[in-house]
Amino acid sequence: MEKLEDIVGKEVFESLPEEVKTKYGEKELIINDGTYIPKAKFDSLNETKKDLENQLKETNEKVQELSKVNPDKMQQKIDEWQKKYEEDTKALNDKYNKREYEIKLKDYIKDEKFSSKSSQNSYYEKLLDKNLEFTEDGTLKGYDDFKKEYQEYDPKAFFVEKQEGIKVDTGVNHNDRGEPGKQELKLNPMFRKF
């Protein structure tokens, strides 16, 4: 760095106005010989350099992390997750198919006349255990044979309508206890006269 007087020479320096001599006379000046960079450009380049250094540092850290990962272990983890996904999907599909089968089965036997709800439930459970297949036309393959076997196993499970036989009038009236005699007329207490 040089002073203004050294740069322009003593004669030129003396010819300069007093303000310029006072302001720049004793200061050291930077001469632009092609190596001078303005402060704004320097600051911008310096910030860019810092950003690039930070990116390089982050990249190096990531490379070091990845170099620690064993590719065989990573593939093993991928295979484990794939297997778990397939097992879970299969289990979910099986559960869905079982529920759908149960609903179709209940719908299939809904018109059967059972003697009680417990008979119906028992019949349904045994039928479910048989795991009979539905055919294309919606019938249950082997159902008639199952029903026949079940009726032999539990004849009271199904409601059987009483068949009317021949009525013979014996001329005797029976009361509500089934004994011959006169039936008593029972009045509701609300209709009694006081």
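The values are calculated or read from the model by the stated rules, or taken from the named source; none is laboratory data. Note that this is a predicted model, so its numbers are computed, not measured. A quick note on method: Cβ atoms are made from the backbone with ideal geometry, for glycine too, and the neighbour counts reach across all protein chains shown.
Here are the numbers for this structure:
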{"quantity": "Verdict on Lys156 being assigned to a loop (DSSP other than H, G, I, E, B), modelled with pLDDT of 55 or more and more than 21 Å from Lys110 (Cβ to Cβ)", "calculated": "no"}
{"quantity": "Lone qualifier among Lys90, Lys77 - being under 30 Å from Asn131 (Cβ atoms), among the basic types (Lys, Arg) and at pLDDT 85 or above", "calculated": "Lys90"}
{"quantity": "All positions within segment 105-126 that are hydroxyl-bearing (Ser, Thr, Tyr) and in a helix (DSSP H, G or I)", "calculated": "Tyr108, Ser118, Ser119, Ser122, Tyr123, Tyr124"}
{"quantity": "Segment 24-43 - residue that is part of a helix (DSSP H, G or I) and loosely packed, with under 12 Cβ neighbours inside 10 Å and, of those, modelled with the highest pLDDT", "calculated": "Asp43"}
